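Peer 1: After the structure tokens below, expect a handful of questions from me.
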Amino acid sequence: MWFDPIGVLIEPGQTLRWVNEANVHTSTAYHPDNDGHALRTPEAAESWDSGYLVEPGDQFEVTLTVEGVYDYFCTPHEMAVMVGRIIVDRPSGPGTLPLDYFQGDAAAQGWRVVPEAAQAAFPAIEVIMRERVVRAAV
């Protein structure tokens with residue numbers, strides 16, 4: 001279970017589409033609006049959650065206009081390291097910070113840290129910037 005590509009560089013205003021091939025998946029932004037997850041998207045960007053994509057061919061789209069790094073996950077498979085990273089234009093925002101940057105911040109009390117197993121799965125920002133598209137290692 002993985003997103004492919006797992007990392008991508010896009011221009012502001014581009015639309016991304018996730019298409020379910022098998023099983024049940026979501027595309028869900030790391031954002032406090034999504035079950036208290038830590039903010040790993042630009043502060044000015046809207047959160048997203050596709051809801052469950054159940055049938056093969058089910059699709060979800062999001063248009064990203066705010067520059068920065070967007071980390072996202074699959075709700076039922078986050079612990080199985082089904083995560084991805086999108087960079088819009090150039091890297092900035094919370095997605096460029098250490099995964100525990102918010103620890104000790106009273107405003108972030110209750111935020112959920114990215115699971116340890118998933119932390120190593122994100123492609124490096126430098127690799128995405130260089131390659132533009134990072135395929136999942138299968």
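Peer 1: Of all beta bridges DSSP finds with both residues in the chain, what is the antiparallel percent, to the nearest 5?
Peer 2: So the antiparallel bridges in the chain amount to around 80 percent.
Peer 1: Under the rule of -39500 (n - 2.57) per DSSP H run of 4 or more residues, summed and divided by the residues of the chain, what mean residue ellipticity at 222 nm is obtained, to the nearest 500 deg cm²/dmol?
Peer 2: So the helix-based figure for the chain works out to -1500 deg cm²/dmol.
Peer 1: Over all Cα pairs of segment 69-138, how is the pair count split among 10 Å bins, expressed in % and running from 0 up to the last occupied bin?
Peer 2: Spelled out bin by bin, segment 69-138 gives 18, 48, 30, 4 percent.
Peer 1: Distance between Cα centroids, segment 108-123 to segment 1-80: provide it in whole Å.
Peer 2: Here the two parts' Cα centres lie 15 Å apart.
Peer 1: Please report the relative contact order for the chain, taking Cα pairs under 8 Å with a sequence separation of at least 6, and give it as a percent rounded to a whole number.
Peer 2: Here the relative contact order equals 34 percent.
Peer 1: Could you give the nm distance between label points at Glu126 and Thr96, where each point is 7 Å from its Cα heading toward the beta carbon?
Peer 2: Modelled inter-label distance: 1.5 nm.
Peer 1: According to a simple spin-label model (label point 7 Å from Cα along Cα-to-Cβ), what is the distance in nm between Glu43 and Glu21?
Peer 2: Each label point lies 7 Å from its Cα, and together they span 3.9 nm.
Peer 1: Further question on the same structure: Take the Cβ-Cβ distance between Glu55 and Asp89 as r, set R0 to 41 Å, and report the resulting FRET efficiency rounded to the nearest 0.05.
Peer 2: 0.75
Peer 1: Here is a further query. If a paramagnetic tag sat 7 Å from the Cα of Arg112 along the Cα-Cβ line, which residues of segment 14-35 would have the backbone N under 19 Å from that point?
Peer 2: Only 24-35 pass the distance filter.
Peer 1: Here are a few candidate values for mean projected area of the Cα convex hull in nm²: (i) 12.8; (ii) 7.6; (iii) 9.6. Which one was actually calculated from the structure I just gave you?
Peer 2: Here mean projected area of the Cα convex hull in nm² agrees with entry (ii).
Peer 1: Still on this structure, I have one more. Scanning the chain for trypsin sites (Lys or Arg not before Pro) in DSSP loops with at most 16 other Cβ atoms within 10 Å, what's the longest stretch left with none?
Peer 2: 1-131
Peer 1: Still on this structure, please answer the following. Write out the GluC sites (Glu not before Pro) in segment 1-95 meeting two conditions: DSSP loop, and at most 14 other Cβ atoms within 10 Å of their Cβ.
Peer 2: Glu21, Glu43, Glu46
Values in this text are rule-based calculations from the coordinates and carry no lab data. None of these values were measured; they are calculated from a predicted model. In this analysis, Cβ positions are derived from the backbone assuming ideal geometry, glycine residues included, and neighbour counts consider all displayed protein chains.
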